[in-house]
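Working notes for the structure below.
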Amino acid sequence: MHTKGTETKRTKSRAEKIFSAATSVLLVVAVLFCGFVMFQLMSNGYVTVFGYSAFHVVSGSMEPTIPVGTLIICQNTPIEYIEKGDIITFKSLETYMAGKMVTHRVVEVETFDGKIALRTRGDNNNSEDGYYVTQENFVGRVVHQTSGKNILKSLAISQAFYHIIILFIV
């Protein structure tokens, strides 16, 4: 005697299907974003999202203007728009810290053979940096800074932060 089993197949509700699809899409987006970040880190040494990069200040060369521990947001800006007095971030050309990010103030803008060269100095330093910043090692202009307890509060009202949030939504 053969009896048909009492197997019951559970069908997914519409909400479960939508949730499952959304979770899958978010996972794919997260994996792609991680790949994007890794690619930028390996090629540039830093990450840029919608033209903005974030850096953490680790030296006192710009104190008291930018204290150690400050989070700075830099905007990719054409070097042609940089002026004397702007605070910029660039890759160091100093032998002992080649490739490390430096944030200093522009003290002079010059042109050599049609190319812009920026002379920089930390506000807390006694002398100018020993090299020019050119398009090759220029990262961007500092557009926002915050330190300590104010980091989250400041990020919440920062236009750069909204651009980064939009990336996660897209």
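Counting only C-alpha contacts under 8 Å and six or more residues apart, can you give the relative contact order of the stretch 1-143 as a whole percent? Write out the running numbers ahead of the final one.
On the way: 208 pairs, mean separation 27.9, N = 143.
Relative CO of the stretch 1-143 lands at 20 percent.
Calculate one ³J(HN,Hα) per residue across the stretch 19-35 by plugging θ = phi - 60° into the Karplus curve 6.51 cos²θ - 1.76 cosθ + 1.60, and present them in order as whole Hz with x for glycine and proline.
Values, residue by residue: 4, 4, 5, 4, 5, 4, 4, 4, 5, 5, 4, 4, 5, 4, 5, 4, x Hz.
Tell me which residues come under 5 Å, amide H to amide H, from residue 139 once H is placed; ignore anything under 5 positions away on its chain.
Amide H neighbours of residue 139: 89, 90, 91.
At a Förster distance of 41 Å, what's the computed FRET efficiency of residue 113 paired with residue 37, Cβ-Cβ distance as r, to 0.05? Show your work: numbers first, answer last.
Values: r = 36 Å, r/R0 = 0.88.
Plugging the Cβ-Cβ distance into 1/(1 + (r/R0)^6) gives 0.70.
Rounded to the nearest 0.05, what FRET efficiency do residue 147 and residue 26 give with R0 = 45 Å and r taken as the Cβ-Cβ distance? Could you check? Each step should come with its number before you reach the end.
On the way: r = 33 Å, r/R0 = 0.72.
After rounding, the FRET efficiency stands at 0.90.
Along the stretch 71-76, what does the Karplus equation 6.51 cos²θ - 1.76 cosθ + 1.60 (θ = phi - 60°) give for ³J(HN,Hα), rounded to whole Hz, x for Gly and Pro?
For the stretch 71-76, the Karplus curve yields 9, 10, 10, 10, 10, 4 Hz.
What ranking do 78-91, 17-30 get when scored by the average of other Cβ atoms within 10 Å per residue, highest first?
On the way: 78-91: 15.5, 17-30: 10.8.
Averaged packing, sorted descending, gives the order 78-91, 17-30.
Please give the FRET efficiency for residue 14 paired with residue 56, using the beta carbon to beta carbon distance and R0 = 45 Å, rounded to the nearest 0.05. Spell out each step's value before the answer.
Numbers: r = 46 Å, r/R0 = 1.01.
The computed FRET efficiency comes out at 0.50.
Read-outs: derived from the displayed coordinates by stated rules, not from any lab. Source: prediction; values computed, not measured. No Cβ is skipped: glycine too gets one built from the backbone with ideal geometry, and neighbour counts run over all protein chains shown.
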